[in-house]
Structures are given as structure tokens and as C-alpha cells.
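For reference, the structure discussed in these notes is given below.
The values are calculated or read from the model by the stated rules, or taken from the named source; none is laboratory data. As the structure is a prediction and not an experimental result, all values here were calculated from the model. When we count neighbours, we look across all protein chains shown, and the Cβ atoms used for this are built from the backbone with ideal geometry, even at glycine.
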Amino acid sequence: MSDATSARPEGSYPVAGPRPVVVAVDGPAGSGKSSVSKAAARRLGYAYLDTGAAYRALTWAALEAGAETTDAEQVIELLDDFPYATEPGEDGRTIVRIGELDVTDEIREPRVSAVVSDVARIPEVRLALNDAFRRVIAATTAPGIVAEGRDVTTVIAPDAPVRILLTADEAVRIARRSAQLAPAEAATAGQLLERDRRDAQVVDFMTAAPGVTTIDSTDLDFDQTVDAVVRLVKGTP
């Protein structure tokens, strides 16, 4: 499984030592983890790893196969042959594929969002994907990699030199997610809060662990939030 995409650099920044710099980003749903992390990676010339896309891709595969997402055994069977990979798209998006099939848009469908937490709560799935994510991080040939998603700051890359909890007030997160999607705000809000509630049963992503820097984007726009992440990375010895 390959889930890292190389970001095109927009500037030249010093690299902290010969080893790639790992930037781990976590936070609640709707906090902007994916969009901010991807933009920061592009600014820094780093690779980008979207761990959530892997869970979404597996969830989509489960739904397509008619598997019950709450049935651990059925979902785990899909891991035996899960040809998941990503690649950079011409428009700056990350293209997600399962085999030869482009599922970039499909994994963001409401039906996937509604049950992805079911899949993410299966211990065997988390262990398998976390191991895969660590291999992707270790194999990057870029000067650094921005990895975002649940468990990244505490389980997947607890020793990363830069660890960030990206958050925002609940109302702001709901409004931002509503602007991204077509559904009415009430439906979006309910889905957002339900995802947080389910995910919180598996991992604490609302409180920064020791050594993790919190970036609260409640009063920041998108560019300001990306700037805050880039400044933090550039300040890493």
C-alpha cells in the first residue's frame, strides 16, 4: 500500500538534518487537517500522507462488496487484498486508487462518511494500516513528509520532531464543513459530531498529548493556518 504523494515546492527551506522531517497532524473532524496539511506540504516541498483516505477507501470497498462495516471479520478479510495507492493529480489534489479504479470522489460520499468510524474502530484494521503508514513515512524520498489523521501524533509517529493538534471551535468546524459539502448545515453538523463521538472512543484527538503543539484556527483563515504550520516546521532544529 502506498499513500504518500510528493508535493511541489513553492520555496526553498532548510532541511533539519539528513533524515526526512516528519510533521504529524491530528485534530477533530472539520478542523482542516487534510487541506491545511496538503497545502503546508506543498509549501515546504514535502511528501503528504492522508491516513484518513486509507480508512475511507477501505470503507468504500466494504460497502461495494456488500460487507457489514460493523462486522470486523468481513472488513478484515478485505485487507488481505487491498490494492490501495495514491498519486498526485494535476490539479493539486491527491488521487486515490483501489487497483486501477479512481475513487477520489467516491470515498468522500456521505454514505462513506457515515460509517467510516465503524471501520476505523476495528483494532486489527488500525494495527494493519498504522504499520503501513509507518512504512510509507520511513520510505519517503522527499526532504520531509506531512502525515495527518487520527493516531498520527501519538501512535503512528510519536517521535516526530513536529507534532500538531489542529483544532477550531465546534461551530466554526461545522460551518467550514458545510461550506465544503452540499447538504444542509443541520445534516452536516450531525454527521460531524457523530464522527467525533465515535472516533473519540478509540483515540483522544481533542487534547494535545505532551510535546504536541496546538494550533487553534478558530480566528484564522486558511492561508493564516497554513502559515502557522509552516512557521512551526521551519522553526524545528
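Assorted remarks:
Residues checked against (1) more than 19 Å from Ala29 (Cβ to Cβ); (2) without any contact (Cβ under 8 Å) to a residue 12 or more places away in the chain; (3) surrounded by 13 or more Cβ atoms within 10 Å (Cβ to Cβ):
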| site | (1), (2), (3) |
| --- | --- |
| Asp91 | yes, yes, no |
| Arg108 | no, no, yes |
| Ala114 | no, no, yes |
| Ile122 | no, no, yes |
| Arg126 | no, no, yes |
| Leu129 | no, no, yes |
| Ala132 | yes, no, yes |
| Thr140 | yes, no, yes |
| Val146 | no, no, yes |
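- Among (1) without any contact (Cβ under 8 Å) to a residue 24 or more places away in the chain; (2) in a loop (DSSP other than H, G, I, E, B); (3) within 30 Å of Ile215 (Cα to Cα); (4) not charged (D, E, K, R), the one test that Pro28 misses: (1)
- Options Asp151, Asp169, Asp159: the member that is closer than 23 Å to Val212 by Cα, among the acidic types (Asp, Glu) and crowded, with 19+ Cβ neighbours inside 10 Å: Asp151
- Residue within the stretch 70-89 that is touching a helix residue (DSSP H, G or I) at 6+ places or on another chain (Cβ under 7 Å), assigned to a loop (DSSP other than H, G, I, E, B) and not polar (S, T, N, Q) present: yes
- Exactly one residue out of Val115, Val96 is part of a helix (DSSP H, G or I) and at pLDDT below 95, and it is Val115.
- Residues in the stretch 138-164 that are outside any helix (DSSP H, G or I) and small (Gly, Ala, Ser): Ala142, Gly144, Ala147, Gly149, Ala157, Ala160.
- Residue match in the stretch 33-55 (condition: assigned to a helix (DSSP H, G or I), closer than 16 Å to Ala120 by Cβ, out of contact with any strand residue (DSSP E or B) (no Cβ under 8 Å at 6 or more places or on another chain) and at pLDDT 90 or above): yes
- Flag for Pro210 being farther than 22 Å from Ala40 by Cα, modelled with pLDDT of 60 or more and either surrounded by fewer than 15 Cβ atoms within 10 Å (Cβ to Cβ) or acidic (Asp, Glu) (or both): yes
- Residues of the stretch 115-139 satisfying the condition of being within 20 Å of Ser35 (Cα to Cα) and over 14 Å from the mean Cα position of the chain (by Cα): none
Residue by residue, here is whether (1) among the polar types (S, T, N, Q); (2) touching an Asp or Glu at 6+ places or on another chain (Cβ under 7 Å) holds:
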residue	(1), (2)
Asp131	no, no
Val136	no, yes
Thr141	yes, no
Thr153	yes, yes
Ala175	no, no
